[in-house]
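Read-outs: derived from the displayed coordinates by stated rules, not from any lab. Keep in mind that what you see is a predicted model, and the values were worked out from it rather than measured. Positions of Cβ are generated from backbone atoms using ideal geometry, with glycine treated the same way; all protein chains shown enter the neighbour counts.
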């Protein structure tokens, strides 16, 4: 049995006192250029998707509209691509942000496997063959540090474990750009070789510098190792993806924030972003004495909930989609169109944006700005009811904003004031 | 590095930027652009808790390369050593342990209920189900692995000569 002989010869090789800098220190038979290339190509597609959907999420907040929407006012040219976030299709943000977070979760095993497959190169001597090689290795710190930084801050944020040193928005947005710098270089320098290796294998006469020169007998084939990575991704997908749906699919999502159960029975039993208690909404604030203030060029108006209910009510089927990646299925909202409230405030046609203020005493996005295209969409409501029942306290009673395709936090709950006008 | 024959006239010992840099000019331009972009975003990333962000950024890479990776590689070596005479068994333990460990690594804050109060205040539901769910998934993975092992053992029993084609011994 060849394995036995190998095992017996092990002490001899140990006596050689190998260090990680010695290529023979690394003995897994799984490592090799092809294995790394497969993982690299998956990450090329996956991380590009994460970057693009991340930029889209940033644009979805309309940070250039008003400073209350902008968590990164120093962005400078990094906001060069910003555009008016559309209101259709109404599931747009649910899709882009669901992909961003779920694909991010699913890529963790691929990223770890890729880093494992190239770790011998980290210790290779000499540390740099030339100035160019030294610069390239420095850019790898941006790549590896950046990727891990983005994955760790993202995973901590969706678990509400705010350990990281600063605001999540700032760290994750600027971190993404630092990562991108390293990513582009790495892709430009390595993709040709990865494609060549995948097409035709390691060229004849060239050494596979990623493969172990003195491998141990295989306990797992390369294909088996890739299958293991794929199984890990599949397991994460199955236990996470349901967080973007209500009902049975969410119950399958056994191990993920907002997975498993919906909060309670009844028409209001869909995912809540912040409960009324969490942002210190008192029953007295939302009771009989509550009034909605609407401001605009026509003056300032105050409406009770009964007066709002007596207005022309419209329905819209829209989801709640959170930046944390979870979302609900479409809910049936009923309320007054923002379009109609804008007309009352003095903009009978082509209304501008609106500045929304909430009763809530804490939490970010207590105030939010909506752009003109969001106000003009007939599905944008000041909702009073959902799924045929009055809003629950946790879903924003007495009145909340619901706008198609907008990130969850821009759908302000417990609305107190709407100011229509230039923002 | 190319080893093209160099005409003797060019052999004079004079400084060659190309030789010193070791790569082509495109490489240099690409890396210059990289560090400009990284610098532009980096000063904004570091604005605030500079030391903290630097520690997190570099620390993530260091912790991964020098702690996490050696720990799991070491665990794998220990497993192989423990199963020494029967290496074919290794994947029946390795696969469920790896999958379960990965879930624990990713969802540690959730499983350990590190943010129980904040989570309840935000979602209105309790996160205390996740520790149990992780145990259930882990149990299911081990059970599946055991079933697979049992199935294979029954199929390859020497007494039972199957007519179906003989499986080549798996590359374990």
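Results, tabulated for the structure shown:
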{"read-out": "Least to most buried among A:300, B:23 (fewest other Cβ within 10 Å first)", "value": "A:300, B:23"}
{"read-out": "Length-normalised contact order of region B:87-156 in % [C-alpha pairs under 8 Å, at least 6 apart]", "value": "37 percent"}
{"read-out": "Rounded to 10°, Cα long-axis angle of helix A:2-15 versus longest principal axis of chain A", "value": "90 degrees"}
{"read-out": "Antiparallel DSSP beta bridges within the protein assembly as shown, percent to nearest 5", "value": "90 percent"}
{"read-out": "Exposure proxy order (Cβ contacts within 10 Å, fewest to most) of A:402, A:252, A:320, B:111", "value": "A:252, B:111, A:320, A:402"}
{"read-out": "Global geometry of region B:26-142, whether rounded, prolate or oblate, following the gyration tensor of its Cα atoms and the 1.5 cut on a/c", "value": "oblate"}
{"read-out": "Whole-Å distance, taken between Cα centres, linking region A:239-302 and region B:51-84", "value": "40 Å"}
{"read-out": "Theoretical gain in end-to-end length, residue A:22 to residue A:77 [0.36 nm per residue, Cα-Cα removed]", "value": "15.3 nm"}
{"read-out": "Between 0 and 90°, nearest 10: helix A:92-122 axis offset from chain A longest Cα axis", "value": "20 degrees"}
{"read-out": "Residues A:395, B:64, A:172, sorted so that the one with the fewest Cβ neighbours within 10 Å comes first", "value": "B:64, A:172, A:395"}
{"read-out": "Helix A:222-240 vs. chain A, principal-axis angle (Cα, 0 to 90°, nearest 10)", "value": "20 degrees"}
{"read-out": "Shape call, region A:283-420: gyration tensor on alpha carbons, a/c limit 1.5", "value": "rounded"}
{"read-out": "Whether the protein assembly as shown is rounded, prolate or oblate, judged on the alpha carbon gyration tensor where a/c under 1.5 counts as rounded", "value": "oblate"}
